[in-house]
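The values are calculated or read from the model by the stated rules, or taken from the named source; none is laboratory data. Please read these numbers as outputs of a predicted model, since none were measured by experiment. Cβ coordinates were reconstructed from backbone atoms using ideal geometry, including for glycine residues, and neighbour counts include every protein chain displayed. Accessible surface is based on the protein model in full, side chains and every heavy atom, while ligands, DNA and RNA are left aside. Shrake-Rupley method; radii C 1.70, N 1.55, O 1.52, S 1.80 Å.
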Amino acid sequence: MPHNRYVAPRIRATPDRLIWLVSALLAASGAAVWSVAPALPHLPPHLWWPAVAALYALTSAFAVHLPFGRDNHTLTLNQAPMVLGLMFLTTNELTLAALIGLGFVQIVVRRNPPIKLAFNMASLAAQVPLACVIFVGMLRALDVSAGDLTPAVWLAALVAVLAADAVGAAALFTIISLRRGAWDFAAFARTLGMVAIGTFVVTDLALITVLVVRKSPVSLALLAVLAILSYVLYRGFHVQRLRYARLELLYQFTRSVDRALQDETVMETVRAEACELLRARNASVVLCQPNATSWWSAACQGQPVLLARGGEDVAHDLLRAEGHLDGMAAPLRDGGEITGVFLVTDRLDDMTTFDRDDMRLFEALAGHASVALTNSGLVARVRSAAQETEHLSLHDPLTGLPNRLYFQQRLERRLLNDGSAAVLLMDVDRFKEVNDTLGHDVGDRLLREVGRRLRQVERGETVVARLGGDEFAVLLGGDDVHIEGMVSRINRDMSRPFDLGEVTLDVMASIGIASTPRDGSSAALLLRRAEVAMYDAKRGLTGVARYAADRDPYSSRRLSLIGDLARAVEERTLELHYQPQAVPGSGQVTGVEALLRWNHPLWGNVPPDEFIPLAEHTGLIKPLTRLVLETAVRQCVAWREAGTPVLMAVNISMRNLLEPELADTVARMLLQAGLPAALLKLEVTESAIVSDPERAVRALERLVDLGLQVSVDDFGTGYSSLTRLRSLPVHEVKIDRSFVRHLAERPEDRAIVRAVIGLGHDLGLRVCAEGVEDEASWRLLESFDCDLIQGYFLARPMSAEAMTTWLSEHLSAYATRLRTETAEAIPAAPPVTGAGSNTDVRHLRKA
């Protein structure tokens, strides 16, 4: 019969008398129609009406659940017994069979409360007589006999059943709308569409059954077999579909909580997402207290608690004493210690309650929430220790204004809280000429004065920042009047001459404007489009320009790159560049990392951060990774045969890692190329492992069994538990460049890097730091006993030919230095063995 659509938003309680009133109206309407309903044709063979009642009970008990995103549509198959009753029973028999069959399920099987029983029975009592009236009326209007079973009879049966289902759907929609206090007619229209589809399918099958009964009753056995097999297949599909749906829900929860770590809203996000995903009214986190007695107390001992609605035991009594109908509780752990309990209570709808599937999903959410809350505490402690340098990290040292990072954080917060904002991006015209002609000291004074004038426009929630160079940004509300007034104020302030001591300058500025919702709803998108508008104003010499999609040179870029990337992979026009890795203490080069480069014929050099996500979203990542592996393995073989063997590191994405055939593919490549597995290292990002830890560990174990080296790339950015490292089959962790780039200036970065190196060594892992761009960072990493370093200070990524020359030159220079520094003559360069050459680059950067 009708679909039941559950939604996540909170609803307000509605007095039960409204439901009783609707039920009474339905029952009265059904009785009135029943009293005037004409006799059904009740064709031979006349069915035994208790059998139809049993069929009603069976179809009511075994409903079909169709998940659509976070909604759940429930479809009963009561159309089948209704069609059989219209054909083979009398009006009274059909009505009694329907009410008795449904009543048995409601009272005996589901044990529904009286109010729900009354509504369902009243709804059916109104639907069945209405179907009888419409069916007989259609037959008379079309002047056909039901015994002929012609298409006209089929149409009459379909219209009758559709009308009955529409009544049921309207009744249910009325109850839900009264409980919410809002009437969502769009949702009702979608529900009617689903009802119509289901009714058409089931009615069609039921009419086929009628034909079989009339022509060859023994053939019902074949239909029964088909029905049983269809149900079994559906259940299998439904189980798999639910698994994937729950994985998607868990992924959404993980993504939301991970984002919340950045703005310190983990607790709020965890509670809100749990209510959303489990359709619960309340969610909370409580601390375990000694000798506390509550319905969730068992969770403090590590036992999950599931209390469905209607239970009769001590725990349910405690739950109802706190004002709740149903609830779940799961322990929150920090390492092996239980620190608190995660609770959800009160299912939003009265039709369902929490079940074992919900409990399994909730336990998974609690597990990730434990990690997120632990990491949130760790991040809070790190931020607390870095308070003294926070101002410098979020502000521009030249002008004292907030920098790009601070501006973007405020913009994201504004969008999250208010949902609307506008960005003005201002660029000083011909600033390069000022620097080139008058010197950088004058340019700096000009920027400070521009910043001082812009600071005067700050009022309330308005934020002024220097994004870098001669670019400044203003964040304000999205009201057009406010925007126009701010632009006029800035232009007036910029039009006044700038007295810079020995020189006075007249400065013009170009301003680009982007605002929500017309120009996007994310911080990054607004900033990018404001920049596009600013360059548009600069090119057009208009001074001010709003973002316009038709003048955005990047709007078609993504579509162009997707098609061109597929051709580039097929034609092998992508290139690999290589960046060396060395031991900081001796400068010995032990390996290189293969880095993919794409020189697009139209767009020029396209960064991997732009085209790799495109490959992952379009399915090109698999052939792309195979191309990278094949090229890197061949190059590694060439260097080995040339006498300079190095360990080749290749990055693989999450989708690559979870491919079942990855290990076999790599093994086949190594065998065909004749390369020892020990000379190949696969780098997997920390986020790829966190996304699906169990499958990731199994995949890593297969790769390690081949003899490959495995490294955890970008370590420190995935918000994973540090204790997870001890269970991963990896050989190396690679500290993300964001912690290394400013190592010499930021004490908090040094603390984090030193801690990661110590942790890695304690777990028996090699530690590599990437992003080393100055000698001070190199020296610090050497003092921290870091195993490997990689970065621009050692060497920039270079082509295979350039890397071959680089390795050869530095190997020769290394031999020359040894001859100079030792009293003994060395006849030849040191032999190259294992996975690296004895190339000391640290001492030879000037060679």
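Before moving on, here are some points about what is shown:
- Within segment 360-417, if we keep just the residues that are at pLDDT below 80, out of contact with any helix residue (DSSP H, G or I) (no Cβ under 8 Å at 6 or more places or on another chain) and among the aliphatic types (A, V, I, L, M), the residue that is least open to solvent (accessible area, probe 1.4 Å) turns out to be V371.
- Any hit, segment 171-180, residues being closer than 27 Å to L84 by Cα, at pLDDT 70 or above and out of contact with any Cys (no Cβ under 9 Å at 6 or more places or on another chain): yes
- Pairing each residue of segment 748-776 that is closer than 16 Å to G585 by Cα and part of a helix (DSSP H, G or I) with any residue that is of a type in the set (K, R) and at pLDDT below 90, provided the two are 6+ apart or on different chains, yields C-beta distances under 9 Å for E775/R842; E775/R845.
- In segment 707-729, the residues that are over 16 Å from T685 (Cβ atoms) and in a loop (DSSP other than H, G, I, E, B) reach residues that are among the small types (G, A, S) and at pLDDT 80 or above with C-beta atoms within less than 9 angstrom, at least six apart or across chains, in these pairs: G707/A677; G707/A678; L708/A663; L708/A677; L708/A678.
- Any hit, segment 571-594, residues being surrounded by fewer than 19 Cβ atoms within 10 Å (Cβ to Cβ), under 32 Å from the mean Cα position of the chain (by Cα) and under 30 Å from V474 (Cβ atoms): no
- Selected residue (only one of L447, L476, L467 is of a type in the set (A, V, I, L, M) and open to solvent by 10 Å² or more (accessible area, probe 1.4 Å)): L467
- Some residue of segment 680-700 being at pLDDT 90 or above and either more than 21 Å from I621 (Cβ to Cβ) or open to solvent by 20 Å² or more (accessible area, probe 1.4 Å) (or both): no
- Residue that is farthest from L759 (Cα to Cα) [pool: residues in segment 785-810 that are β-branched (V, I, T) and open to solvent by 20 Å² or more (accessible area, probe 1.4 Å)]: T805
- When the helices (runs of 4 or more DSSP H) confined to segment 434-548 are screened for residues that are in contact (Cβ under 8 Å) with a residue 40 or more places away in the chain and farther than 24 Å from L398 by Cβ, those reaching at least 1 such residues are found at 480-495, 523-540.
- The condition of being crowded, with 16+ Cβ neighbours inside 10 Å, assigned to a helix (DSSP H, G or I) and of a type in the set (G, A, S) holds for only one of A196, A163, A141, A189, that being A163.
- Subset of segment 294-329 that is within 14 Å of S284 (Cα to Cα) and open to solvent by 20 Å² or more (accessible area, probe 1.4 Å) - its residue that is farthest from the chain's Cα centre (by Cα): E322
- Failed item in (1) open to solvent by less than 30 Å² (accessible area, probe 1.4 Å); (2) within 26 Å of P45 (Cα to Cα), with F119 passing the rest: (2)
- Tally of residues being under 17 Å from H482 (Cα atoms) and open to solvent by 70 Å² or more (accessible area, probe 1.4 Å) across segment 418-433: 1
- Members of segment 625-643 found to be open to solvent by 20 Å² or more (accessible area, probe 1.4 Å) and either touching a helix residue (DSSP H, G or I) at 6+ places or on another chain (Cβ under 9 Å) or hydrophobic (A, V, I, L, M, F, W, C) (or both), listed by number: R626, E630, T631, R634, Q635, V637, A638, R640, A642, G643
- Unique match (being touching a residue at least 24 places away in the same chain (Cβ under 8 Å) and open to solvent by 10 Å² or more (accessible area, probe 1.4 Å)) among T90, T150, T95: T90
- Complete set of residues in segment 275-293 that are touching a residue at least 40 places away in the same chain (Cβ under 8 Å), open to solvent by 40 Å² or more (accessible area, probe 1.4 Å) and not polar (S, T, N, Q): E276, R281, V285, L287, C288
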